[in-house]
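Undergrad: Sending over a structure as structure tokens; questions will come in a sec.
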Amino acid sequence: MLCIAAVLVVIGAAAIYRLANELSPPIMALVPLACALGTAFIAAGFYMLQPNQAAAITLFGSYAGTDRTSGLRWVLPWLMRRKVSVRANNVISERIKVNDLRGNPIEMAAQVVWRVTDTAQALFDVDDYKAFVIVQIEAAVRTIGSRYPYDDYEHQEVTLRGNHDQVGSELRTELIARLLVAGITVDECGFTHLAYAQEIAGAMLRRQQAQAVVAARTTLVEGAVGMVELALAQLSAKNVVELDDERRAAMVSNLMVVLCGERDTQPVVNAGSLYQ
């Protein structure tokens, strides 16, 4: 069509030249006019598509197809073209407050990589597909956030904080199902922000600190008991000293205090006998 338009321009220019030099009869004045109309008709049908860009074509309001070939394109002028980008888009949602499975308020934000796969659905099945994506991301984050607890200190449940891959995969599945009606798919998604809400963050921090202290104390006591058992076994095996039950209990008490105490112990030297 570009070549035909160029030929029409040449023919029109030649006809105008012949008319200007009176080399043609006056009736030939229709030739430049026809060439101008033909060139305008052809020029109205040209459009350009960049890589990863598509054009949805409609005929008098009826969907006629999608053109995905990049470069200079041409269709009949009465076919309307609406360009749509099929490139990957990256969206980071706003921080939203969600109640987790246990009812604790938490703040969440997600990062989603999405792209258009069906231009007709994106243009004609929803009013604004970009705004539709934003709304559905927020709805999906709320759904996933309320489905799991933020944390499980007994490590027996799937949690938002401890199972990022599993929860992120479920979020992607949820988004794909929600965006299918708009001809959009999700390539990648994950959480960019996940934390307790400010009103309970302090209380939850103290709870985590207390549980960490308890866990550390438990490990410390288990190690101290093992060391006491080893000390008593070594003393008995090498016949270093014979201890009755009362002295054995006193020795165990002293060792536990030394091993489990937070401060350095001050040794007391007994200059008398064992029982004084």
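Undergrad: Do any residues in region 118-139 that are over 15 Å from I57 (Cα atoms) have Cβ atoms under 8 Å from those of residues that are among the basic types (K, R) and surrounded by 14 or more Cβ atoms within 10 Å (Cβ to Cβ), where the two are at least six apart or on different chains, and which pairs are they?
TA: Every condition considered, the pairs that remain are Q136/R178; A139/R178.
Undergrad: I would also like to ask the following. Residue by residue through region 111-131, note down the ones that are open to solvent by 50 Å² or more (accessible area, probe 1.4 Å) and closer than 17 Å to R172 by Cβ.
TA: Hits for region 111-131 are R115, T117.
Undergrad: Then there's this: Just give me the residues in region 45-98 being in a strand (DSSP E or B), more than 24 Å from A182 (Cα to Cα) and touching a helix residue (DSSP H, G or I) at 6+ places or on another chain (Cβ under 8 Å), in sequence order.
TA: F46, L72, W74, V98
Undergrad: Restricting attention to region 19-33, and to residues there that are surrounded by fewer than 14 Cβ atoms within 10 Å (Cβ to Cβ) and assigned to a helix (DSSP H, G or I), which single residue is modelled with the highest pLDDT?
TA: Among those residues, the one meeting the criterion is L33.
Undergrad: Being touching a helix residue (DSSP H, G or I) at 6+ places or on another chain (Cβ under 6 Å) and outside any strand (DSSP E or B): is that true of I144 here?
TA: Working: touching a helix residue (DSSP H, G or I) at 6+ places or on another chain (Cβ under 6 Å): yes; outside any strand (DSSP E or B): yes.
Yes; evaluated as a whole, the condition is true for this residue.
Undergrad: Failed condition for A36, given (1) open to solvent by less than 50 Å² (accessible area, probe 1.4 Å); (2) modelled with pLDDT of 75 or more, with all others met?
TA: (1) is the only condition that A36 fails.
Undergrad: Look through region 164-178, keep the residues that are free of Cβ contacts under 8 Å to residues at least 12 places away in the same chain and under 16 Å from L194 (Cβ atoms), and return whichever of them is surrounded by the fewest Cβ atoms within 10 Å (Cβ to Cβ).
TA: Across region 164-178, the extreme among qualifying residues is D165.
The values are calculated or read from the model by the stated rules, or taken from the named source; none is laboratory data. Being a predicted model, the structure only gives us computed values, none of them experimental. Cβ coordinates were reconstructed from backbone atoms using ideal geometry, including for glycine residues, and neighbour counts include every protein chain displayed. Ligands, DNA and RNA are excluded from the accessible area calculation, which covers all protein heavy atoms including side chains. Shrake-Rupley method; radii C 1.70, N 1.55, O 1.52, S 1.80 Å.
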